[in-house]
1. Return the label of the correct value of Rg/Rh (Cα atoms, Kirkwood Rh), as calculated from the structure shown, out of (i) 1.78; (ii) 0.95; (iii) 1.02.
2. Given 0.36 nm per residue, what is the gain on full extension from Ser18 to Phe79 after removing their alpha carbon distance, in nm?
3. Of Met98, Ile112, Thr130, whose Cα points farthest to the positive end of the dipole of region 75-143 (charges on the beta-carbon: +1 Lys, Arg; -1 Asp, Glu; origin at the Cα centre)?
4. Among bridges DSSP assigns within region 6-143, what percent are antiparallel (round to 5)?
5. Give me Phe107, Phe79, Phe137 ranked fewest to most by other Cβ atoms within 10 Å of their Cβ, as a rough exposure proxy.
6. Give a quick list of trypsin sites (Lys or Arg not before Pro) in region 38-95 that DSSP marks as loop, anything other than H, G, I, E or B, with at most 13 other Cβ atoms within 10 Å.
7. Compute the relative contact order of the chain as a whole-number percentage, counting only Cα pairs closer than 8 Å that sit 6 or more residues apart in sequence.
8. Treating the Cα atoms of region 1-69 as identical point scatterers in vacuum, please give the log10 of the normalised Debye intensity I(q)/I(0) at q = 0.19 Å⁻¹, two decimals.
Amino acid sequence: SVHSLPFATVDAEGISGSQPAKVHNLVQGKWIGSSTWNTIVDPLNGEPFIKIAEVDETGTQPFVESLSQCPKHGLRNPFKSPERYLLYGDITAKAAHMLSVPKVSDFFTRLIQRAAPKSYQQALGEVQVTQKFLENFSGDQVS
């Protein structure tokens, strides 16, 4: 079940027009909603089943402020913070490993299937390609 995956905040089988999933924006470390939402239509029945927080021109200020606080060399510059850089390599390796766990790959495969009308094998192929990409990327220590 989805509840046994500690990172899962959505149940692919439970998303519906009456119980839509919501995609929030991340700004300054916080997930925020919106006064306006875009919707994605369920490919199986045509119901709007995923709501995505929209940002219009008047709502961009928090994002601009957040970006202006970022140093020009970036927050994760490998020369200024090599330990943090290596940590992200380890995190990426763990993500790659997690995607190779059948329960986790099945979770993401089912999510892909909910948003795109694909067979299980097609959606699983996307998960496997992503897993291999992350595996390779982590070996480069996120360089």
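1. (iii)
2. Values: separation 61, 0.36 × 61 = 21.96 nm, distance 4.94 nm.
Fully extending the segment from Ser18 to Phe79 adds 17.0 nm.
3. It is Ile112, whose Cα lies furthest towards the positive end.
4. On the way: 8 of 11 bridges.
Looking only at bridges with both residues in region 6-143, the antiparallel portion is about 75 percent.
5. Details: Phe107 22, Phe79 7, Phe137 17.
Fewest-to-most ranking of Phe107, Phe79, Phe137: Phe79, Phe137, Phe107.
6. On the way: sites: Lys51, Lys72, Arg76, Lys80, Arg84, Lys94; in loops: Lys72, Arg76, Lys80.
Those satisfying the criteria are Lys72, Arg76, Lys80.
7. Values: 167 pairs, mean separation 30.4, N = 143.
Computed over the chain, the figure is 21 percent.
8. -0.85
Taken together, the values in this text are just the output of simple stated rules run on the coordinates, not laboratory data. Since this is a predicted model, take the numbers as computed values, not measurements. Ideal geometry is used to build each Cβ from the backbone, glycine not excepted, and the neighbour counts take in all protein chains shown.
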